[in-house]
Amino acid sequence: MPTGPFGDEVRMGKAIFREPGRYAAQFVGNDLRCSNCHLQAGRLAGAAPMWGAYVSYPAYRSKNGHVNSFEERLQGCFRFSMNGKAPKLGDPVLV
């Protein structure tokens, strides 16, 4: 794990990924966690792994009809999968 401010951001991302209802509660509307879809903390091949996600964006999504950035894709997770509201682009929860 990195040290300093970058490490702090990485640790916060890990916490949000594992417990969004605790660390991003204002954006979550159910008990779903990122790890419910992204198995083994997003590391399991064939189960929506996160290691390949970032390099896959920007990408066109037919669900919303335009080219999405990675942040926009994360917004969709909060809005649709977690039945919550999307953090604004640049929000620390998305970073």
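The values are calculated or read from the model by the stated rules, or taken from the named source; none is laboratory data. Being a predicted model, the structure only gives us computed values, none of them experimental. The protein model used for the area step is the full one, side chains on, heavy atoms only, and it has no ligands, DNA or RNA in it. Shrake-Rupley method; radii C 1.70, N 1.55, O 1.52, S 1.80 Å.
Some values worked out for this structure:
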item: Probe 1.4 Å, protein heavy atoms only - accessible area per residue of the chain in square angstrom; result: 66 Å²
item: Karplus-derived 3J(HN,Hα), 6.51/-1.76/1.60, for each residue of the stretch 37-44, Hz, glycine and proline x; result: 9, 9, 5, 6, 6, x, 9, 7
item: Heavy-atom accessible surface of the chain: percent carbon and sulfur, 1.4 Å; result: 55 percent
item: Cut-off under 5 Å, modelled amide H: who pairs with ASN68 long-range; result: ALA59, TYR60, ARG61
item: Hydrodynamic radius (Kirkwood) for the chain, which is based on Cα pairs only, to one decimal in Å; result: 13.9 Å
